1. Please enumerate the residues belonging to region 221-253 that are in contact (Cβ under 8 Å) with a residue 60 or more places away in the chain and touching a Gly at 6+ places or on another chain (Cβ under 7 Å).
2. Only one of (1) closer than 25 Å to ARG294 by Cβ; (2) within 29 Å of the chain's Cα centre (by Cα) fails for ALA375. Which number is that?
3. Name the residues in region 265-289 that are out of contact with any Ser or Thr (no Cβ under 8 Å at 6 or more places or on another chain) and under 24 Å from TRP14 (Cα atoms), would you?
4. Is there a residue in region 318-335 that is more than 16 Å from the ligand (Cβ to nearest atom) and closer than 21 Å to PRO261 by Cβ?
5. Filter the strands (runs of 3 or more DSSP E) completely within region 1-106 down to those with at least 3 residues that are within 22 Å of PRO124 (Cβ to Cβ), hydrophobic (A, V, I, L, M, F, W, C) and open to solvent by less than 70 Å² (accessible area, probe 1.4 Å).
6. For region 229-250: of the residues being within 7 Å of the ligand (Cβ to nearest atom) and in contact with a helix residue (DSSP H, G or I) (Cβ under 6 Å, 6 or more places away or on another chain), which is most open to solvent (accessible area, probe 1.4 Å)?
7. For region 185-216, which residues satisfy the criterion of being away from the ligand (no atom under 16 Å from the Cβ) and either under 26 Å from the mean Cα position of the chain (by Cα) or in contact (Cβ under 8 Å) with a residue 12 or more places away in the chain (or both)?
8. Being polar (S, T, N, Q) and within 16 Å of the ligand (Cβ to nearest atom) is the filter; apply it to region 107-155 and report the residue that is surrounded by the most Cβ atoms within 10 Å (Cβ to Cβ).
Amino acid sequence: MQGREPLGVIGAGWVGLVTAACFAELGHEVVVRDIDAERIGELEDGRLPIFEPGLDEVLAQNRGRIRFTLDIAEIFDAARVAFICVGTPSTYSGDADLTAVWHVLDELPELQDRVLLVMKSTVPVGTGEKIRQRLDDKGLAHVGYVSNPEFLAEGTAVENFRHPDRVVVGAFAEADGAKVAGLYEPTGAPLVTTDVASAEMIKLASNAFLATRISFINEIANVCEVTGADVADVARGMGLDHRLGPHFLRPGIGYGGSCFPKDVAALKQLAGNSGYHFQLLSAVIEVNELQKRRVVGKLKKHLGPLRGKEIALLGLAFKPNTNDLREASSLVLASRLLAEGARVRAWDPIAIEDARKLLKGVEFATTLREAVAGADAAVVVTEWDEVRELPTPELRDSMRRPLIVDGRNFLDPEAARAIGFTYEGIGRAASTLGAIQQAEQTEPELA
Ligand code: UDX
């Protein structure tokens, strides 16, 4: 492959590694820098500190073009364009914590040539302006700054990088924007070139809108439950309207992950700090918090008080194909169940080790089978493929009560009921009523 412009990536986290691997795949030499010596050591040994489908292969296949280092100077020895991919977690106030971003600026070596700093980390609107000012104050007016937010979703990040819906580039100087846009030309993606503040807002607004759709469909689901409609059909009927589209209309037990909760809070906070009360986002966040707890009510409806009841949680990761537990609904749910006095036994194909550190008082099962054996209820928390094995006569018989609360509407209600399970999903009034009738017949004292 023809040698392309060498690139730097600052921050070997999930975004940084996907960016580095995929640009290497496009033929760039990439220098990746992190401050964590252990992480750099692992990466040099060919071990990946995160789970992301396909990333290990892309890294391995392009290993010859990727170099890992602890020294930020090595980035600028090799490259004139450096992507900043450091973490911007939430602070206690809900603002984005930009400590890592400022740290990068403080560490910049003497730079004689015109280099470009390209921000991939999600930052509040106005951050680029502040960084520009800081660079100018440091005598680095010749260093360019470009905002180039990432829209990668965990589990599909490599594909998202290869085939983005759009590439957003916000720059202070047109030539800088054009240079960054050119790097993405091989993807053929539509390009949005704009100013830095608008690029920053596109990222925050996109995530906030996706989260809003989820909270909206979750509220519709809750209303379906009390009015006799079925949210699965409702979402399908809505999604076929081309103005609405079918995506992000899956009801469940709330959104989690490293982006939505923090970015929605950051946008709400950003608006608040600027004197605007973003009411809609307050509701989106509140609906999501309540949604995580709805399963508890559903369990009580069937089981009565939960003290001493054994509840199997199937899946812990915030979504399938990742071991990421950040803001996972499972954490809130498990804690609520423990607070109700239930015994909680959790299973997840890959997130167990991390979960052990976070969830005290929860028992862990190494297989789904082990998790449900003797349980009063099985709760589908994450839609892992393995969960499809749940509705079998054998597993039904292994449970103390054959109750499934499907927090993701992942299983076929009719099939589960045909096997003799009491099934309750989210926003499916018909199934809810069916479940209640069934519970009344089989467990009159608890119905
Ligand atoms: C998201 C954005 O999709 C991505 O563009 C951004 O860069 C980072 O945040 P990610 O957090 O990896 O990506 O996961 P995503 O697939 O978007 O799901 C987020 C959460 O919403 C998950 O907990 C998922 O279960 C939930 N979700 C998603 C729903 O509850 N219903 C839906 O219809 C879709």
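The values are calculated or read from the model by the stated rules, or taken from the named source; none is laboratory data. Quick caveat, the model's predicted, so the values are computed rather than measured. Every residue, glycine as well, gets a Cβ built from its backbone with ideal geometry; the counts of neighbours run over all protein chains shown. The accessibility values were calculated without ligands, DNA or RNA, using every heavy atom of the protein model including side chains. Shrake-Rupley method; radii C 1.70, N 1.55, O 1.52, S 1.80 Å.
1. ALA221, ASN222, CYS224, GLU225, VAL231, PRO251, GLY252, ILE253 - these are the residues of region 221-253 that are in contact (Cβ under 8 Å) with a residue 60 or more places away in the chain and touching a Gly at 6+ places or on another chain (Cβ under 7 Å).
2. For ALA375, the exception is condition (2).
3. If the condition is that a residue be out of contact with any Ser or Thr (no Cβ under 8 Å at 6 or more places or on another chain) and under 24 Å from TRP14 (Cα atoms), then LEU267 is the only one that fits.
4. We begin by selecting, within region 318-335, every residue more than 16 Å from the ligand (Cβ to nearest atom); these are 335.
Of the ones still in play, those that are also closer than 21 Å to PRO261 by Cβ are 335.
Yes, the conditions are met somewhere in region 318-335.
5. Numbers: elements: 4-10, 28-33, 66-69, 81-84.
Strands (runs of 3 or more DSSP E) meeting the threshold: 81-84.
6. PHE248
7. The answer is PRO186, GLY188, LEU191, THR193, THR194, ASP195, VAL196, ALA197, SER198.
8. Of the residues in region 107-155, the ones polar (S, T, N, Q) are 112, 121-122, 127, 133, 147-148.
Those left that are additionally within 16 Å of the ligand (Cβ to nearest atom): 121-122, 147-148.
Numbers: SER121: 25, THR122: 22, SER147: 31, ASN148: 23.
Only one residue fits best here, namely SER147.
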